[in-house]
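First up is the structure itself, then whatever we jot down about it.
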Amino acid sequence: SPETPLPEWWEQLPDDRPLVYVTLGSSGKVDLLPDVVAALAGLPVTAVVATAGRLSLEAPPDNVWCTEYLPGAEASRQSGCVIGNGGSGTVHQGLAAGVPVLGIASNMDQYMVMSCVTKAGAGILLRAGKTTRAKVATAVMDLLENADYRHQAQKLAREFAQLDPACEFPAFIEAFFAGRLRDISRA
């Protein structure tokens with residue numbers, strides 16, 4: 001999550017609709033961002049979009065607020081769902097906040113991450129090359145209206161909160177090189 005303050009307009013965001021946090025990050029297909037924004041324009045949501053300085057969205061719809069960067073962890077905590085490229089950073093921010101994720105994946109690692117999220121029932125994977133405005137709109141409304149997604153994301157958030165990477169990662173590495181990976185309960 002970038003060390004950046006919330007934009008001045010953050011306190012002006014309406015609170016009568018679910019908040020959707022959008023960022024395609026540094027490796028997502030930024031050319032899809034206008035279509036994602038257009039899909040959100042017709043939905044009963046307020047969207048906050050972080051462009052990572054990769055694209056300027058001229059005259060966004062009334063329900064869409066744009067900036068170059070947002071503190072992703074904070075934006076995720078206040079959102080009803082997170083839309084990203086499916087990469088581990090934004091996915092982790094959303095799931096750690098107990099928020100379901102829509103991943104619009106274009107790279108293999110993004111597909112792999114989102115495949116796990118989808119299998120866990122905490123999000124939806126769309127392939128960047130086959131994404132349409134209608135698919136984005138349908139996925140967002142499904143994530144917001146189907147409580148199962150939020151329940152599964154909250155379950156993962158509780159599991160994340162119990163992890164101690166400073167202890168568990170060295171144990172994982174040691175077990176890996178010793179050939180006893182099955183001895184690690186979270187491996």
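Among the candidates 6, 70, single out the residue that is open to solvent by 30 Å² or more (accessible area, probe 1.4 Å), at pLDDT below 95, among the aliphatic types (A, V, I, L, M) and outside any strand (DSSP E or B).
None of the other options fit; the residue is 6.
Within the stretch 42-62, can you find the residues that are modelled with pLDDT under 95, of a type outside the set (Ser, Thr, Tyr), over 22 Å from residue 110 (Cα atoms) and out of contact with any Cys (no Cβ under 8 Å at 6 or more places or on another chain)?
Correct list: 42, 58, 59, 61, 62.
Are any residues in the stretch 79-95 surrounded by fewer than 20 Cβ atoms within 10 Å (Cβ to Cβ), assigned to a loop (DSSP other than H, G, I, E, B) and at pLDDT below 95, and if so, which ones?
none
Is there a residue being surrounded by 11 or more Cβ atoms within 10 Å (Cβ to Cβ) and outside any helix (DSSP H, G or I) anywhere in the stretch 157-164?
yes
How many of the residues in the stretch 99-116 are free of Cβ contacts under 8 Å to residues at least 60 places away in the same chain and surrounded by fewer than 24 Cβ atoms within 10 Å (Cβ to Cβ)?
Summing the residues that are free of Cβ contacts under 8 Å to residues at least 60 places away in the same chain and surrounded by fewer than 24 Cβ atoms within 10 Å (Cβ to Cβ) in the stretch 99-116 gives 6.
Please go through the stretch 137-152 and give me each residue that is surrounded by fewer than 20 Cβ atoms within 10 Å (Cβ to Cβ) and either of a type in the set (Gly, Ala, Ser) or not in a helix (DSSP H, G or I) (or both), ordered by number.
The answer is 137, 146, 147.
Against the definition (among the polar types (S, T, N, Q), under 22 Å from residue 49 (Cα atoms) and within 14 Å of the chain's Cα centre (by Cα)), how does residue 154 come out, yes or no?
no
Would you confirm, using the coordinates I've provided, whether residue 95 is among the aliphatic types (A, V, I, L, M) and in contact with a Cys (Cβ under 7 Å, 6 or more places away or on another chain)?
Details: among the aliphatic types (A, V, I, L, M): yes; in contact with a Cys (Cβ under 7 Å, 6 or more places away or on another chain): no.
Spelling it out, it is not the case that residue 95 is among the aliphatic types (A, V, I, L, M) and in contact with a Cys (Cβ under 7 Å, 6 or more places away or on another chain).
The values are calculated or read from the model by the stated rules, or taken from the named source; none is laboratory data. Here the structure is a predicted model, which means the values were calculated and not measured. Cβ: placed from backbone, ideal geometry, glycine included. Neighbour counts: every protein chain shown. Ligands, DNA and RNA are excluded from the accessible area calculation, which covers all protein heavy atoms including side chains. Shrake-Rupley method; radii C 1.70, N 1.55, O 1.52, S 1.80 Å.
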